[in-house]
Amino acid sequence: MAATSNQIKSKVWDNKQEYHLTIESLRMLLENRIPLIRLKEFATPQECEILVAQAELFNFDCYQNVNPKIERIGITVFEYNRISKAAYFQAVERTTKLRDCIMAASFNPLERLMVKIQECTGATVRIASEPLYGSYYAGLIRKIEQGTQLHIDYAPLEQSKWEIGTVIYQLSWNLYLKFSPNNHGQTRIYDRQWQPGDEQYKLDSYGYGDTVIADADTIAFQPYVGDVFIFNTRNYHTVEPMDGQRVTFTSAIGLLPNGEIILWS
Ligand SMILES: O=C(O)CCC(=O)C(=O)O
Ligand SMILES: [Fe+2]
């Protein structure tokens, strides 16, 4: 039985060990050969606490058309997709000022992550940029406390007419800033990537039905404050609901065909 299912699957996830950030582990994550990379103690508890306190001086907005509720500071291409590209880029400058104001009074996780990726890969690591419009926004401060639906984040599908739609692989990194101590709010990733044809399983603005992940291997991780977890968002994934607070700092990461690594939200 096992041999047969291994033959049907193109490969098997190596999830026996924890992977740290190296050029090899990043390559394996991009190619979906491992489910996760963990950057343990990326930030100190104090840094995380100060960043959350600074963010809470401002308003968190709810994602449009998303159920259950997700709150965030920052803008997303996901939401502006159905408004317009021009409106997204109009909002970049003021949103970047707000983010920079919060980071200046605490610390800059975006810069720290970009330097780490640059050092380990030697690649050009930059904020995504759109011809005629300029820089994207990157770096949401986000509260996902009521969980998410089963979903993927994959710009070649969702933002096919933007620069980010040309990435060949897409990841997401989340720094866990605040996490009420309990065993809920885990992130679950399935060894099943979005494929053309999956749109038949789509339920609403972003959720997919469970049939799409039937029989797929899965891994769930318990976030710790100060850690960064990176995973491949072409893989179906969910966040479990929890009682209490769950605040992250996050953006998308993509690899372009020319080898450059870009970040955006
Ligand atoms: O908050 C998390 O753990 C993951 C959220 C998510 O869906 C993502 O980063 O793509
Ligand atoms: Fe996601």
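The values are calculated or read from the model by the stated rules, or taken from the named source; none is laboratory data. Quick caveat, the model's predicted, so the values are computed rather than measured. Counting neighbours? That spans all protein chains shown, and the Cβs are built from the backbone with ideal geometry, glycine included. Heavy atoms of the whole protein, side chains included, go into the accessibility calculation; ligands, DNA and RNA do not. Shrake-Rupley method; radii C 1.70, N 1.55, O 1.52, S 1.80 Å.
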Original post:
Consider residue 241 against the criteria (1) open to solvent by less than 50 Å² (accessible area, probe 1.4 Å); (2) within 16 Å of ligand 2 (Cβ to nearest atom); (3) touching a Gly at 6+ places or on another chain (Cβ under 7 Å): it satisfies all of them except one. Which criterion is unmet?
Top reply: (1)
Subject >> Which numbered condition residue 218 fails, given (1) open to solvent by less than 10 Å² (accessible area, probe 1.4 Å); (2) more than 11 Å from ligand 1 (Cβ to nearest atom) >> reply: (1)
Original post:
When residue 168 is evaluated against the numbered criteria (1) more than 29 Å from residue 51 (Cβ to Cβ); (2) open to solvent by less than 50 Å² (accessible area, probe 1.4 Å); (3) hydrophobic (A, V, I, L, M, F, W, C), which criterion, by number, is the only one it fails?
Top reply: (2)
Original post:
Taking into account only those residues within segment 80-109 that are among the basic types (Lys, Arg) and open to solvent by 60 Å² or more (accessible area, probe 1.4 Å), which is farthest from residue 66 (Cα to Cα)?
Top reply: 97
**OP:** Would you please list the contacts, defined by Cβ atoms under 9 Å and residues six or more apart or on different chains, that run from a residue in segment 43-57 that is touching a residue at least 24 places away in the same chain (Cβ under 8 Å) to a residue that is among the charged types (D, E, K, R) and open to solvent by less than 50 Å² (accessible area, probe 1.4 Å)?
**Re:** 43/227
Original post:
Is it fair to say residue 124 is closer than 21 Å to residue 48 by Cβ and of a type in the set (Ser, Thr, Tyr)?
Top reply: no
Subject >> Members of segment 142-166 that are more than 15 Å from ligand 2 (Cβ to nearest atom), touching a residue at least 40 places away in the same chain (Cβ under 8 Å) and out of contact with any Asp or Glu (no Cβ under 9 Å at 6 or more places or on another chain) >> reply: 161, 166
Original post:
In this structure, does residue 198 turn out to be within 30 Å of residue 130 (Cα to Cα), away from ligand 1 (no atom under 11 Å from the Cβ) and open to solvent by less than 10 Å² (accessible area, probe 1.4 Å)?
Top reply: yes
**OP:** Can you give me the number of residues within segment 218-265 that are farther than 14 Å from residue 190 by Cβ and assigned to a loop (DSSP other than H, G, I, E, B)?
**Re:** 17
**OP:** Kindly indicate the residue of segment 171-191 that is open to solvent by 60 Å² or more (accessible area, probe 1.4 Å) and more than 14 Å from ligand 1 (Cβ to nearest atom) and also modelled with the highest pLDDT among those meeting that condition.
**Re:** 181
Original post:
Which residues, taken from segment 167-184, are within 14 Å of ligand 2 (Cβ to nearest atom) and of a type outside the set (Phe, Trp, Tyr)?
Top reply: 170, 171, 172, 174
Subject >> Given (1) at pLDDT 95 or above; (2) within 14 Å of ligand 1 (Cβ to nearest atom); (3) surrounded by fewer than 19 Cβ atoms within 10 Å (Cβ to Cβ), number of the condition residue 209 does not satisfy >> reply: (2)
Original post:
If you take the residues of segment 130-158 that are under 12 Å from residue 233 (Cβ atoms) and part of a loop (DSSP other than H, G, I, E, B), which of them is farthest from ligand 1 (Cβ to nearest atom)?
Top reply: 154
**OP:** List the helices (runs of 4 or more DSSP H) that sit entirely inside segment 1-67 and contain at least 2 residues that are open to solvent by less than 50 Å² (accessible area, probe 1.4 Å) and modelled with pLDDT of 95 or more.
**Re:** 23-30, 45-55
**OP:** Quickly run through segment 220-237 and pick out the residues that are within 16 Å of ligand 2 (Cβ to nearest atom), farther than 16 Å from residue 155 by Cβ and either of a type in the set (D, E, K, R) or without any contact (Cβ under 8 Å) to a residue 60 or more places away in the chain (or both).
**Re:** 220, 223
Original post:
Within segment 111-129, restricting attention to residues that are surrounded by fewer than 17 Cβ atoms within 10 Å (Cβ to Cβ) and of a type in the set (Ser, Thr, Tyr), which residue is farthest from ligand 1 (Cβ to nearest atom)?
Top reply: 124
